[in-house]
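Structure, as structure tokens:
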Ligand code: FES
Ligand SMILES: [Fe+2]
């Protein structure tokens, strides 16, 4: 850990919740993949019947790493070293030429697959999942769906997702229109928070760049941004952003972005494809602008805000629930006297 990291963010633990560790298409049936997230090595595999499984990497026999040479056999993973086999619950089911020791187990991480992402549950206190993640409508046009991963970003999931509550920065950094909005009463439990927003003055102005949208948070690692309006006739544009810890102070971001045409859509597929083609580069453009800020900024627990700011404190108050052990140090960084 760099000393500067501890000084610029007060929470030592990774937040509790579901985090994306791969897009569904990145691991096929029978494949095995080593991962590093939440400060530890992990192994992701997919059984031949299609279930994604995340396990601790080291075989309880003599410690071989299952992510390097481990093989999927049916619904089990076989260790590369002496061929012990483990089922999807982590139980050892077979050992060559001997009965399987009853106590031999792999630790399996709670894993789920929603909206074309594989999600794993993390909790510093080791609790079982406290909520399930939602499923949204399926993508009907795969050519209108894209994925991107951005690795090795030096910040914290809370800082990434704060973007959705920081409406002023869309104008100042990303040069979009000014936004206004509020909390959407449509909430789905304590672990969710929804803000609606729209461009300022859109009711009295016929310009073509006005839009509305919402950002819906589901736990500490996922923000689903939806936009619709004049630039996107008869459709909803989705940018689902997943922030997943790698090590303390380092994370990866995944984006699943797509266009969902409405039932009365009049835009031909070519037109939709053209709008979609602009989406990925726009997300990357905005992200690169944000990364420069994120990687150097400090988190002020009590920031000095102005009337033009979005609901940043509401977002932060909501987010604190995901740190069961609270802040690691006094929240005095940048405190306003
Ligand atoms: S180390 Fe895995 S079977 Fe021996
Ligand atoms: Fe941004």
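Things worth noting here:
- Residue in region 69-76 that is surrounded by 14 or more Cβ atoms within 10 Å (Cβ to Cβ), over 25 Å from residue 256 (Cα atoms) and out of contact with any strand residue (DSSP E or B) (no Cβ under 7 Å at 6 or more places or on another chain) present: yes
- All conditions but one from (1) under 30 Å from residue 10 (Cβ atoms); (2) in contact (Cβ under 8 Å) with a residue 24 or more places away in the chain apply to residue 276; the one that does not is (1).
- Residue check, residue 179 buried (at least 19 other Cβ atoms within 10 Å of the Cβ), within 24 Å of residue 303 (Cβ to Cβ) and modelled with pLDDT under 95: yes
- Yes/no for residue 66 being at pLDDT 95 or above, outside the structural domain of residue 30 (by TED's automatic domain parsing) and either under 19 Å from residue 28 (Cβ atoms) or in contact with a strand residue (DSSP E or B) (Cβ under 8 Å, 6 or more places away or on another chain) (or both): no
- Among all residues of region 92-99, there is none that is within 27 Å of residue 247 (Cβ to Cβ) and assigned by TED's automatic domain parsing to the domain that holds residue 23.
Results for (1) closer than 22 Å to residue 239 by Cα; (2) touching a helix residue (DSSP H, G or I) at 6+ places or on another chain (Cβ under 9 Å); (3) surrounded by 13 or more Cβ atoms within 10 Å (Cβ to Cβ), shown as yes or no for each residue.
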position	(1), (2), (3)
86	no, no, yes
93	no, no, yes
113	yes, yes, yes
138	yes, no, no
145	yes, yes, yes
150	yes, yes, yes
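- Looking only at region 93-111, and only at residues there that are more than 9 Å from ligand 1 (Cβ to nearest atom) and not in a loop (DSSP other than H, G, I, E, B), the one that is nearest to residue 59 (Cα to Cα): 105
- Restricted to strands (runs of 3 or more DSSP E) entirely inside region 19-75, those with at least 2 residues that are out of contact with any helix residue (DSSP H, G or I) (no Cβ under 9 Å at 6 or more places or on another chain), closer than 22 Å to residue 152 by Cβ and more than 16 Å from ligand 1 (Cβ to nearest atom) are 32-37, 40-46.
- Conditions (1) in contact (Cβ under 8 Å) with a residue 60 or more places away in the chain; (2) part of a strand (DSSP E or B); (3) farther than 27 Å from residue 14 by Cα; number of the one not met by residue 139: (2)
- Meets criteria (more than 21 Å from residue 285 (Cα to Cα) and out of contact with any helix residue (DSSP H, G or I) (no Cβ under 7 Å at 6 or more places or on another chain)) for residue 167: no
- Taking the criterion of being part of a loop (DSSP other than H, G, I, E, B) and in contact with a helix residue (DSSP H, G or I) (Cβ under 8 Å, 6 or more places away or on another chain), the residues of region 307-321 that qualify are 308, 309, 310, 311.
- Residue match in region 253-272 (condition: in a helix (DSSP H, G or I) and within 16 Å of ligand 2 (Cβ to nearest atom)): no
- Comparison of 248, 212, 258 shows that the only residue that is without any contact (Cβ under 8 Å) to a residue 24 or more places away in the chain, surrounded by 16 or more Cβ atoms within 10 Å (Cβ to Cβ) and in contact with a helix residue (DSSP H, G or I) (Cβ under 9 Å, 6 or more places away or on another chain) is 212.
The values are calculated or read from the model by the stated rules, or taken from the named source; none is laboratory data. The shown structure was predicted, so the numbers you read here are calculated from the model rather than taken from an experiment. With ideal geometry, Cβ positions are generated from the backbone for all residues, glycine too; neighbour counts draw on all protein chains shown.
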